[in-house]
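Participant: Below: one structure in structure tokens.
The values are calculated or read from the model by the stated rules, or taken from the named source; none is laboratory data. Keep in mind that what you see is a predicted model, and the values were worked out from it rather than measured. Here Cβ is always computed from backbone atoms with ideal geometry, including for glycine, and neighbour counts include all displayed protein chains. Note: accessible area is taken over every heavy atom of the protein model, side chains too, but ligands, DNA and RNA are not part of it. Shrake-Rupley method; radii C 1.70, N 1.55, O 1.52, S 1.80 Å.
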Amino acid sequence: MHAVCVYCGSSRGQIPAHGAAASALGAELALRGMTLIYGGGGVGLMRELADSALRAGARVVGVIPRLLLEREAGHSALRELHVVESMHERKRMMADFADGFIALPGGLGTLEELFEVWTWRQLGYHNKPLGLLNVDGYFDTLLDFLAQGHEQGLMRADALGALIVDRDPARLLSRMAAAQPLQDDPWWTMRERV
Ligand code: AMP
């Protein structure tokens, strides 16, 4: 993996561990010589992530729709900020640039982006690794809900198992780089390991 697309909150939230995890992931990407692809915002967890990656010397590429430049405060320190005309163009460009995807704590936008690339993978549009940084159990109830969907026969275990869940940024990246998908593991045992 050379370039990792990270989705996270445009808000900062109230849990300091979320900001710390965003910073830790940014620094870890730099340490590994990886490029960060993200939404180009200069606010919230997105900003913490990008600032930390930049500080540590990573190449950071932002992609932001023109309409959101103001609302999401297009990051002024970025040397590579692509301003596009639509949200669709943004998501397509971010996905094309990336060799893998990670979601951090965030809101509806973050969830929508995660589920989009996850369902694209389920449908076979790509085979790139997907990671979830489950900081302080933020996603636990979502994972429970998904497990329930599987138990009720509405979600496939192989599709769910493609998501690599970890609470540690470095370990998450290593597992993604080693392409350790969990297709063979039941979804519920995977949750116990995060
Ligand atoms: P949030 O997680 O809601 O704070 O949003 C994080 C990022 O997701 C922001 O840069 C949003 O612009 C972006 N995003 C992507 N798709 C959507 C969508 N359908 N609705 C809202 N935000 C979105």
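Participant: Where does each of 136-149, 2-15 land if you order them by average Cβ count within 10 Å, highest first?
Facilitator: Numbers: 136-149: 14.9, 2-15: 20.3.
Packing order, densest peptide first, comes out as 2-15, 136-149.
Participant: Roughly speaking, what is the stretch gain from Arg66 to Arg92, that is 0.36 nm per residue apart minus the C-alpha to C-alpha distance, in nm to one decimal? The partial results should precede the final answer.
Facilitator: Working: separation 26, 0.36 × 26 = 9.36 nm, distance 1.52 nm.
Result: 7.8 nm gained on full extension.
Participant: Calculate the dipole size of the range 1-128 relative to its Cα centre from +1 charges on Lys and Arg beta carbons and -1 charges on Asp and Glu beta carbons; express the result in debye to the nearest 20. Each step should come with its number before you reach the end.
Facilitator: On the way: 13 positive and 13 negative charges, 33 e Å.
Here the size comes out at about 160 debye.
Participant: Right, next: Within the accessible area of the chain, what % is carbon and sulfur when the probe is 1.4 Å and the other protein chains stay in place? Display every interim value, and only then the final one.
Facilitator: Values: 4860 of 9410 Å².
The value for the chain is 52 percent carbon and sulfur by accessible area.
Participant: Quick one: if you stick a label point 7 Å off each Cα along the C-beta vector at Leu154 and Phe115, how many nm between them?
Facilitator: Here the answer is 1.1 nm between the modelled labels.
Participant: Something else: Roughly how many Å² is the accessible area per residue of the chain, as a whole number, for a 1.4 Å probe? Before the final figure, lay out each step's value.
Facilitator: Working: 9410 Å² over 194 residues.
Value returned for the chain: 49 Å² of accessible area per residue.
Participant: Based on the Kirkwood radius over alpha-carbon pairs, what is the Stokes-Einstein translational diffusion coefficient of the chain at 10 °C with 1.306 mPa s viscosity, in µm²/s? Write down the numbers at each step before the final one.
Facilitator: Details: Rh = 16.5 Å.
It diffuses with D of about 96 µm²/s by this estimate.
Participant: Further, regarding this structure: Which one, Leu49, Leu114, Leu67, has the greatest fluctuation when you compute a Gaussian network model over the chain with C-alpha springs under 10 angstrom?
Facilitator: Top of the fluctuation ranking is Leu67.
Participant: Name the long-range amide H neighbours of Ala103: under 5 Å, sequence gap of 5 or more, or other chain; modelled H, no Pro or chain starts.
Facilitator: Amide H to amide H, under 5 Å and 5 or more residues apart or across chains, Ala103 pairs with Tyr7, Gly131, Leu132, Leu133.
Participant: Round to the nearest 10 and give me the degree value, 0 to 90, for the angle of helix 140-151's Cα axis relative to the longest principal axis of the chain.
Facilitator: 40 degrees
Participant: If one takes the longest principal axis of the Cα atoms in the chain, at what angle in degrees, from 0 to 90 and to the nearest 10, does the Cα axis of helix 44-55 lie?
Facilitator: 70 degrees
Participant: As an exercise, find the ratio Rg/Rh for the range 31-109 from alpha-carbon atoms, using the Kirkwood inverse-distance average for Rh. Display every interim value, and only then the final one.
Facilitator: On the way: Rg = 11.7 Å, Rh = 12.7 Å.
We get a ratio of 0.93 for the range 31-109.
Participant: Right, here's the next one. How many nm separate the modelled label positions at Asp140 and Ala179, each set 7 Å beyond the Cα in the direction of the Cβ?
Facilitator: About 3.4 nm, to one decimal.
Participant: Something else: Out of Gly106, Met1, Ala77, whose Cα points farthest toward the positive end of the dipole of the range 1-126 (charges: +1 Lys, Arg; -1 Asp, Glu; placed on Cβ)?
Facilitator: Ala77
Participant: Which order do the peptides 163-175, 70-82, 94-106 come out in when sorted by mean C-beta neighbours inside 10 angstrom, highest first?
Facilitator: On the way: 163-175: 19.2, 70-82: 14.7, 94-106: 22.1.
Packing order, densest peptide first, comes out as 94-106, 163-175, 70-82.
Participant: Compute the helix-to-body angle for 108-122: its Cα long axis versus the longest principal axis of the chain, expressed 0 to 90° and rounded to tens.
Facilitator: Helix 108-122 sits roughly 60 degrees off the main axis of the chain.
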